[in-house]
1. Considering the range 181-211 alone, what residues qualify as being touching a residue at least 60 places away in the same chain (Cβ under 8 Å), outside any helix (DSSP H, G or I) and of a type in the set (A, V, I, L, M, F, W, C)?
2. When you look at Phe100, is it in contact with a Gly (Cβ under 7 Å, 6 or more places away or on another chain) and either buried (at least 16 other Cβ atoms within 10 Å of the Cβ) or under 15 Å from Leu178 (Cβ atoms) (or both), yes or no?
3. When you look at Ile169, is it among the aliphatic types (A, V, I, L, M), open to solvent by less than 20 Å² (accessible area, probe 1.4 Å), assigned to a helix (DSSP H, G or I) and touching a residue at least 24 places away in the same chain (Cβ under 8 Å), yes or no?
4. Take the residues in the range 111-136 that are in a loop (DSSP other than H, G, I, E, B) and hydroxyl-bearing (Ser, Thr, Tyr), then tell me which one is modelled with the highest pLDDT.
5. Which of the residues that make up the range 137-165 are open to solvent by less than 50 Å² (accessible area, probe 1.4 Å), not hydrophobic (A, V, I, L, M, F, W, C) and not in a loop (DSSP other than H, G, I, E, B)?
6. Among the numbered criteria (1) hydrophobic (A, V, I, L, M, F, W, C); (2) open to solvent by 30 Å² or more (accessible area, probe 1.4 Å); (3) not in a helix (DSSP H, G or I), which single criterion is violated by Leu216?
7. Look at Lys55 and say whether it is more than 24 Å from Glu206 (Cβ to Cβ), at pLDDT 85 or above and not polar (S, T, N, Q).
8. In the range 113-136, how many residues are surrounded by fewer than 16 Cβ atoms within 10 Å (Cβ to Cβ), among the charged types (D, E, K, R) and within 15 Å of the chain's Cα centre (by Cα)?
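The values are calculated or read from the model by the stated rules, or taken from the named source; none is laboratory data. Note that this is a predicted model, so its numbers are computed, not measured. Here the Cβ positions follow ideal geometry from the backbone for every residue, glycine too, while neighbour counts run over all protein chains shown. The area values use the complete protein model at the heavy-atom level, side chains included, leaving out ligands, DNA and RNA. Shrake-Rupley method; radii C 1.70, N 1.55, O 1.52, S 1.80 Å.
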Amino acid sequence: MDLKATFLNLQKQMEARLTANRMIINHPGAKGDTFELNWIDWLQNYLPKRYTIDKAFVIDCDGNVSDQIDAVIYDRQYSPFVFNQDGALYIPSESVYAAFEVKPELTKYYIEYAADKAMSIRRLRRTSAPIPHAGGQYQAKSHFNIIAGILTLSSSWNPPLGQRFEETILSLEQHRSLQIGCALNAGSFIVNNENGVSIQKSSPEESLIFFFLKLLVELQKLGTTPAIDINCYASSLNSF
């Protein structure tokens, strides 16, 4: 099996689908919805089953709520509850691995918009509880930095991931930072913080698989989400 050819064909399929949606669908809201659904469907198909991907709000045990996020990668196996209110999902902050905004193209405005969405999640409170086991209990796990990024079809810049793009990405404050992104027909990027800050980029023809493999690496680094402190959420009940 030619893995490279397989990866490139997957990108061509995804690019053709998003391009067709962009050309055929005129209503901005409907166009945005189809872009989001295509990315969610693709990630759901290829990410390990331990991860779930949905459009959702994120909440904490104090009742604070994030902005609605286009694609949230979260833990479903160890998350005791995900609220579904008439199709609107509410996911506990402790369960979130990554959050992405889905836009038609990469621009300074959309990058800053995605950064604000990332901050709306990172500002939420996250609990962590000890985990009992046969020999005692594990200490409560410390929290990792939630991955944030942006997914688009193209880039408005020329060159697509040139100096103006880099300046925009690197100017974001820590709580608004974007670590990873994909402009499907222009290239993907990941921000590296080891030995100083640098940006690694892909070629346009390898953007999808570069993004996907780099995302897998970053998710593996996070391990498993912390155990939720159920008592914190239950404290909102008078009878509890």
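1. Correct list: Ala183, Leu184, Ala186.
2. Spelling it out, Phe100 is indeed in contact with a Gly (Cβ under 7 Å, 6 or more places away or on another chain) and either buried (at least 16 other Cβ atoms within 10 Å of the Cβ) or under 15 Å from Leu178 (Cβ atoms) (or both).
3. Working: among the aliphatic types (A, V, I, L, M): yes; open to solvent by less than 20 Å² (accessible area, probe 1.4 Å): yes; assigned to a helix (DSSP H, G or I): yes; touching a residue at least 24 places away in the same chain (Cβ under 8 Å): yes.
Answer is yes for this residue.
4. If we take residues in the range 111-136 being in a loop (DSSP other than H, G, I, E, B) and hydroxyl-bearing (Ser, Thr, Tyr), then Thr127 is modelled with the highest pLDDT.
5. Within the range 137-165, Gly149, Thr152, Ser154, Ser155 qualify.
6. It fails just one condition, (3).
7. yes
8. Final tally of qualifying residues: 1.
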